Amino acid sequence: MLMVALIFFVLLFLNMPVAFAIGIASLSLIIFEPGLPIEITSQRMVAGTQSFPLLAVPFFILAGNLMNSSGITKRLIRFANAIIGHVVGSLAHVSIVLSTIMGGISGSANADAAMQSRVIGHQMIKRGYSGGFSAGVIAVSSLITATIPPSIGLILYGYVGEVSIGDLFLAGIIPGILMMVFLMIVTYVIAKKRNYDVDQITKRSSLKELLISFKDSIWALLFPVILVVGIRFGIFTASEAGAFAVVYAMFIGFVVYKELNWKTLIESVRQSVVDNATILLIISTSSILGYLITYERLPQNAADFLIGITSNATLLLILILVFLLLAGMFIESTVLVLLLTPIFLPIVKQIGVDPVHFGILMMTIVTFGGMTPPVGVTMYTVCSLTDVPIEDYVKESLPFYAGVILLIILLIFVPSISLYLPNIF
């Protein structure tokens, strides 16, 4: 497995796409291992995609793209502005609130960050916000989508680890809301100090105005509620919920808002095909590596090694999370979930950590890595779309990083925050 890891990182260094790097590295071990027939490669690639729960991923990606084409996004911006537009640094707060709401639609941190960079990023800079601060708010607040349902990452974690997706969706709600609060506190302190948006602050929205914007956005706001309730109470499975989401998005776009047309529908489907092809190819090649991980008894060996370091469950959990954070700085979160869940989930179960609680921590940590140097995907996406230098982004994002780490520490030591809703229902 050391040879596989070495080849994988060399290929990544050479800028080879992740899916091909995983596939070639895995194939190299199979070729040089006499006990493994070469046919396993194609068998595992096909078997890796033959999963009913996995159908949720392409459905939710298509639903998210359809909703972005249906006029939902601009209505959510108006609603977020009505809620928080009267506070210093209002546009930055709107971005954070929008990430919280959009998490229930896009399910992807990178998709949310890209959308906000186009819609809000340049507006923030024009209003006098520094470029680094604007990019930092947008990028780091997109981390909220890692836990707010329907998080694509939580679906994949539930699929790989055989953990209830309904429980994961419920467990992510409170941490997602807390993330919003922590980031808004950081934003308020910085905006107050720098007098951001002082001249642009709107008067506090009246109850009537708030209700009007709420009514205008109600169909979008109901979407994550219907999903969580439907999955948790057995009305439909996660995969069926994804199919429902697509029909729901088309109904809203064509019938309610009447802003979805055949041209935008075709474009949404085209974009979804590209997004899904990328994810499913990674899943296929990761399935080969997953088989090799089991074949080499890596989970058992890793568990013995880590437990040999310390028997303290909390310290062991922190060590695993630190490793995930470092890995997330170099590798995309989807890949890490597929590769590392089979290794670390048995270990945390062995030390008594709830798999649902670990899923929330893992998704938050590995997604957070995408907002940090040296190769964070979300970081590069936001900086390229807002024309902000990476150095400025990193410098201005440090307070937001601190807020995220503080929340993660809180979640580690108070697991009931994540498990409260699953335990109730």
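The values are calculated or read from the model by the stated rules, or taken from the named source; none is laboratory data. Treat the numbers as computed from the prediction; the structure is a model and nothing was measured. Using ideal geometry, Cβ is built from the backbone for each residue, glycine included, and neighbour counts are taken over all protein chains shown. The protein model used for the area step is the full one, side chains on, heavy atoms only, and it has no ligands, DNA or RNA in it. Shrake-Rupley method; radii C 1.70, N 1.55, O 1.52, S 1.80 Å.
Quick rundown of the values:
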{"quantity": "Where labels lie 7 Å past Cα in the beta-carbon direction, separation of Leu222 and Arg127 in nm", "calculated": "3.0"}
{"quantity": "Spherically averaged projected area of the range 102-166 from its Cα convex hull (nm²)", "calculated": "4.4"}
{"quantity": "Two-decimal Rg/Rh across the chain, once Rg and the Kirkwood Rh are taken from alpha-carbon atoms", "calculated": "0.97"}
{"quantity": "Rounded Å value of the spacing that divides the Cα centres of the range 120-163 and the range 317-361", "calculated": "20"}
{"quantity": "Packing-based order for 221-232, 338-349, 154-165, using average beta carbon neighbours within 10 Å, highest first", "calculated": "154-165, 338-349, 221-232"}
{"quantity": "Principal-axis tilt of helix 90-102 within the chain, Cα atoms, nearest 10 degrees", "calculated": "50"}
{"quantity": "Backbone N within the range 172-195 under 11 Å of label point (7 Å from Ala402 Cα along the Cβ vector)", "calculated": "186, 190"}
{"quantity": "Projected-area average for the range 118-249 over all orientations - Cα convex hull basis, square nanometres", "calculated": "10.1"}
{"quantity": "Relative packing of peptides 312-318, 58-64 - highest average C-beta neighbours within 10 Å first", "calculated": "58-64, 312-318"}
{"quantity": "The chain - mean residue ellipticity at 222 nm from DSSP helices (-39,500 (n - 2.57) per run, n ≥ 4, rounded to 500)", "calculated": "-24500 deg cm²/dmol"}
{"quantity": "Rg in Å to one decimal, and Dmax rounded to a whole Å, for the range 265-359 via C-alpha atoms", "calculated": "16.3, 55"}
{"quantity": "Share of Cα-Cα pairs in the range 1-102 lying beyond 23 Å, as whole percent", "calculated": "58"}
{"quantity": "Between helix 2-13 and the chain: long-axis angle, C-alpha atoms, 0 to 90°, nearest 10", "calculated": "40"}
{"quantity": "Cα long-axis angle, helix 298-309 against the chain (0 to 90 degrees, to the nearest 10)", "calculated": "80"}
{"quantity": "Among 412-418, 185-191, the order from most to least packed when residues are scored by Cβ within 10 Å on average", "calculated": "185-191, 412-418"}
{"quantity": "Carbon and sulfur %, accessible surface of the range 63-200 computed with the full protein complex present, 1.4 Å", "calculated": "57"}
{"quantity": "Candidate lysines - alpha carbon under 22 Å from Lys208, same-chain residues fewer than 8 apart omitted", "calculated": "Lys74"}
{"quantity": "Simple spin-label estimate for Leu178 and Val322 in nanometres, 7 Å along Cα-Cβ", "calculated": "2.2"}
{"quantity": "Simple label model, 7 Å out from Cα along Cβ direction - Met16 to Ile390, nm", "calculated": "2.2"}
{"quantity": "Per residue accessible area of the chain, 1.4 Å probe, in Å²", "calculated": "43"}
{"quantity": "Contact order normalised by residue count of the chain, Cα under 8 Å, 6+ apart, percent", "calculated": "27"}
